[in-house]
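So the structure is just underneath, and the comments pick up after that.
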Amino acid sequence: MYTACNERMKAESGHKFCQYLSKGGKDRVIKAVIFDMDGVIIDSEGKYLEYIYEFAREKRRDIQIEELYGTVGATKRDCWEIVEKAVANGQSWEELRREYHERGIWKRAFEEVDYQAIFRPEVLEVMDELKAMGIRLAVASSTGLEQVKRILTMNHVWERLETAVSGEMFKRSKPDPEIYLHTAAQLRVDPSQCLAIEDSTVGITAGKAAGMKAAALIDDRFGFDRSLADRELGDLREIPALVRSLMEPEA
């Protein structure tokens, strides 16, 4: 687990980050909920996987989509190393990723996916209930900010948020905690007072590494490891009750 303060982020925001996993009652009260987007607000992971599978089949016709499940929710390098191993055509992961992007397949995915069809509408009632409880709301997504804003605006999520942060702002993506530390700073809430809502192994790890509570939306399709999560969610509508249970300071 990351336990040291991120000095650069602390200097930029003027906010104190070092109260990780504080045992003081006050610090354990949840004041903010930070949502991941892909796999939580929208059920997009399987859609993006289809585009990678289509690309990989050009390299090896008999490849099975199950061989690529590990790419879902992975870091860029881990994702493409899995593709490299699966296609086994002599191209490095860097070359495969470069070709994928140069051919515009990733851009085409963003243009073709119906983000309203894969939106989880219960998110809206959950967010409204949390706001009524005085909880501050944000999104921390590895996806580019322009795309995040487009997807969240069309689904009426954007106007419910205090801030949205994109992984493109940082050198290191999840599981590094930087995106969550920055989002907490934007909200001016201590990380120990935040609840991260995630689905993937790297996302859960990032939230916990930032010193937050983490709740994992159950998705058994891709073999995510949820063992670090403080709570598992069968449905996003369980979030308000979970937050209420965390609102009272420990004795």
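The values are calculated or read from the model by the stated rules, or taken from the named source; none is laboratory data. The structure displayed is predicted, hence computed values, not measured ones. We place every Cβ from the backbone using ideal geometry, glycine too, and count neighbours over all the protein chains shown.
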Over region 95-106, the set of residues among the charged types (D, E, K, R) and either assigned to a loop (DSSP other than H, G, I, E, B) or at positive phi (or both) is ARG103
Find all pairs meeting these conditions: Cβ atoms under 9 angstrom apart; at least six residues apart or on different chains; first residue within region 46-70 and over 22 Å from ASP114 (Cα atoms) and in contact (Cβ under 8 Å) with a residue 24 or more places away in the chain; second residue among the basic types (Lys, Arg) and assigned to a helix (DSSP H, G or I).
ILE63/ARG57
Name the residues in region 80-94 that are assigned to a helix (DSSP H, G or I) and of a type outside the set (A, V, I, L, M), would you?
TRP80, GLU81, GLU84, LYS85, TRP93, GLU94
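Residue-by-condition table, conditions (1) more than 25 Å from LEU246 (Cβ to Cβ); (2) in a helix (DSSP H, G or I); (3) in contact with a Phe, Trp or Tyr (Cβ under 7 Å, 6 or more places away or on another chain):
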{"site": "HIS156", "(1), (2), (3)": "yes, no, no"}
{"site": "PRO175", "(1), (2), (3)": "no, no, no"}
{"site": "LEU181", "(1), (2), (3)": "no, yes, yes"}
{"site": "VAL202", "(1), (2), (3)": "no, yes, no"}
{"site": "ALA206", "(1), (2), (3)": "no, yes, yes"}
Quick count over region 103-123, residues being loosely packed, with under 11 Cβ neighbours inside 10 Å and hydrophobic (A, V, I, L, M, F, W, C), is 1
Kindly provide the set of residues from region 107-129 that are touching a strand residue (DSSP E or B) at 6+ places or on another chain (Cβ under 6 Å) and either under 16 Å from GLU238 (Cβ atoms) or in a helix (DSSP H, G or I) (or both), ordered by number.
MET127
In the list THR183, THR143, THR163, THR205, which residue meets the criterion of being under 16 Å from the mean Cα position of the chain (by Cα), of a type in the set (Ser, Thr, Tyr), modelled with pLDDT of 95 or more and within 18 Å of GLY39 (Cα to Cα)?
THR205
Could you check region 87-98 and list, in sequence order, the residues that are surrounded by fewer than 17 Cβ atoms within 10 Å (Cβ to Cβ) and in contact (Cβ under 8 Å) with a residue 12 or more places away in the chain?
ALA88, ASN89, GLN91, GLU94
Could you count how many residues in region 161-173 are part of a helix (DSSP H, G or I) and over 24 Å from ILE218 (Cβ atoms)?
2
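Which of the following residues is farther than 12 Å from ALA140 by Cβ, over 14 Å from the mean Cα position of the chain (by Cα) and surrounded by 20 or more Cβ atoms within 10 Å (Cβ to Cβ): SER245, SER227, SER200, SER192? Give the steps one after another, and end with the answer.
On the way: SER245 fails: surrounded by 20 or more Cβ atoms within 10 Å (Cβ to Cβ); SER227 fails: surrounded by 20 or more Cβ atoms within 10 Å (Cβ to Cβ); SER200 fails: over 14 Å from the mean Cα position of the chain (by Cα).
Every option except SER192 fails the conditions.
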Given the conditions (1) modelled with pLDDT under 95; (2) crowded, with 17+ Cβ neighbours inside 10 Å; (3) closer than 30 Å to LEU246 by Cβ, report the number of the one that LYS31 does not fulfil.
(1)
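State the number of residues belonging to region 67-79 that are at pLDDT 95 or above and either of a type in the set (D, E, K, R) or not in a helix (DSSP H, G or I) (or both). First the steps, then the outcome.
Looking only at region 67-79, we keep the residues that are at pLDDT 95 or above, and these are 67-68.
Cutting the leftovers down to either of a type in the set (D, E, K, R) or not in a helix (DSSP H, G or I) (or both) gives us 67.
So the count comes out to 1.
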For region 71-86, which positions are hydrophobic (A, V, I, L, M, F, W, C), without any contact (Cβ under 8 Å) to a residue 40 or more places away in the chain and in contact with a Phe, Trp or Tyr (Cβ under 9 Å, 6 or more places away or on another chain)?
CYS79, TRP80, ILE82, VAL83
